[in-house]
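Below you'll find the structure, written out as structure tokens, and then a few comments.
The values are calculated or read from the model by the stated rules, or taken from the named source; none is laboratory data. These numbers come from a predicted model, not from an experiment. Quick reminder, even Gly has a Cβ in these numbers, built from the backbone with ideal geometry, and neighbours come from all protein chains shown.
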Amino acid sequence: MACNAIIILGASGDLTKKKLVPALNMLYRRGELADCFLVVGEGRSALTDEQFRARFAIADDFGRLLSYHQGIKGLKKYLASRGQFSRLIFFFALPPEAYAPTAQELVAEGFGREVSIIIEKPFGSDYASAAALNRELVSFFNESQIFRNDHYLAKEAVQNILVFRFANSVFGPVWNGGFIESIQINACEEYTASDRAQYFDKAGIVRDMVQNHLMQLLCLVAMEPPDSLGAEDIRGRKMDVLRCLAVRECRRAQYEGYRAEKGVAPDSSTETFAELSLSIDNDRWRGTPVYIRTGKALHRTGTEIGIRFRALPKSLFNESGAVSSNLIVFNIQPSPGIIVKLSSKNPGTDIRLTDAQMTFCYSDTFAAQIPDAYQKLLLDAVRGDHTLFVSSEETELSWRVLDDIIDKGPCGTYAKGSLPPRGLPVDWIDFDRYATECAPE
């Protein structure tokens, strides 16, 4: 029987321990990985299979699928000794600078068309470096073998954006700039850069969050209906958005005390917070601004997307212009859900309006635990499904949008644990108000 194998390159790191092996363990528990399956950890350390397995909190039945090999040299012969494999999936749990040299090393070891490779972000640091990396990788493996991972795309709440938009006819006619006043994306993190400071100081929040995760959220919200749910159709519609997208303004700031973090340059001007205004120059969204706000060391942790509808004309129930706009808020994390804010009559003899909302919470609706994003991504890679992975062209287009503003402009400061004052004239949705709607009591 032909089997599949996942080989984790750089398996001694936190990603393997905290995400990859737990995700594979859960897939196995649910019966989504066949018994004819092998997980191989690869690294520079000399470990026995038993020592490698002991790093994880797993039962023996899954543990027997795990083995270890020191280094890439000799790996092809080792895998051949373990059985026949129809597909070999190499997960690059490695620093970005090791991607191309490792791909070359795999080819030198004799791996070829039977291989798929999964690459984590960051994918390049600007347009030029991303394009150069793409050229290097496709000199070793073709595009169909390369899976560029953005784990946000596999979050249940993110996948539900397309279902919400395209499986509910009520929203289709109004999902455009004629009815929607603005699209707002908000991603807060209360943690500092501390344990990632050395990496983060070379990146900044625009590279770390905007170029990948938040751009993907925007594409799903703004894209045209795809012809099918196939990977190429969905990727194509996302790229259509990126081709029309432009940054109008960007304001940057850095939290107080950032320069004292271990690994940060004493004169660093790296931003830990950014506020951006963008536009989409196509028929659906022309004239509708897009706002993105994200940062570290803020007052809370959470990611939300807000759709603010245009205000009612001054007639009927809104003669005074006091009726607030309708909103749709997608709570992505940590407590996923969707909130629709409407206007309703306040009970009584007079006609007085009040805000009302319809709230859908994953925790209230679904009894089953929400799968971690890596479970979906790893399973899709095993199946060869590229839908939730990012293509080379998509990556380059996203970098091109941001190239002119990365590392540019003054960088202010803000107090840790607070939301910086508005840097742009944006009427931000009060996301704090909606962030806890689906939080467990």
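For the reader, a short list of remarks on this structure follows.
- Entry remark, the range 183-229: residues being part of a helix (DSSP H, G or I), in contact with a helix residue (DSSP H, G or I) (Cβ under 7 Å, 6 or more places away or on another chain) and either basic (Lys, Arg) or more than 22 Å from residue 157 (Cα to Cα) (or both) number 2 in total.
- Number of positions in the range 278-294 that are assigned to a strand (DSSP E or B) and surrounded by fewer than 19 Cβ atoms within 10 Å (Cβ to Cβ): 1
- Scan of the range 134-151 for residues that are of a type in the set (Phe, Trp, Tyr) and either in a helix (DSSP H, G or I) or over 20 Å from residue 209 (Cα atoms) (or both), ordered by number: 140, 141
- Among (1) assigned to a strand (DSSP E or B); (2) of a type in the set (Lys, Arg); (3) surrounded by fewer than 14 Cβ atoms within 10 Å (Cβ to Cβ), the one test that residue 262 misses: (1)
- In the set 103, 131, only one residue is in a helix (DSSP H, G or I), crowded, with 20+ Cβ neighbours inside 10 Å and not assigned by TED's automatic domain parsing to the domain that holds residue 230; that residue is 103.
- Which listed residue, of 110, 83, 41, is touching a strand residue (DSSP E or B) at 6+ places or on another chain (Cβ under 6 Å), in contact (Cβ under 8 Å) with a residue 24 or more places away in the chain and either surrounded by fewer than 18 Cβ atoms within 10 Å (Cβ to Cβ) or of a type in the set (D, E, K, R) (or both): 83
- Residue selected from the range 1-24 under the condition over 22 Å from the mean Cα position of the chain (by Cα) and of a type in the set (S, T, N, Q), by the criterion nearest to residue 68 (Cα to Cα): 12
- Counting only strands (runs of 3 or more DSSP E) wholly contained in the range 303-409, the ones carrying 2 or more residues that are hydroxyl-bearing (Ser, Thr, Tyr) and either modelled with pLDDT under 95 or surrounded by fewer than 17 Cβ atoms within 10 Å (Cβ to Cβ) (or both) occupy 337-346, 352-361.
- Number of the condition not met by residue 46 [criteria: (1) over 24 Å from residue 371 (Cα atoms); (2) in a loop (DSSP other than H, G, I, E, B); (3) in contact with a helix residue (DSSP H, G or I) (Cβ under 7 Å, 6 or more places away or on another chain)]: (3)
- Complete set of residues in the range 80-109 that are out of contact with any Gly (no Cβ under 7 Å at 6 or more places or on another chain), within 18 Å of residue 47 (Cβ to Cβ) and at pLDDT below 95: 81, 82
- Among the residues of the range 302-327, those that are among the β-branched types (Val, Ile, Thr) and under 20 Å from residue 359 (Cβ atoms) comprise 303, 305, 307.
- Among the residues examined, residue 440 qualifies as touching a helix residue (DSSP H, G or I) at 6+ places or on another chain (Cβ under 8 Å), exposed (fewer than 14 other Cβ atoms within 10 Å of the Cβ), within 30 Å of residue 340 (Cα to Cα) and not aliphatic (A, V, I, L, M).
- Residues considered: 100, 132, 154. Of these, the only one that is free of Cβ contacts under 8 Å to residues at least 12 places away in the same chain and closer than 29 Å to residue 75 by Cβ is 132.
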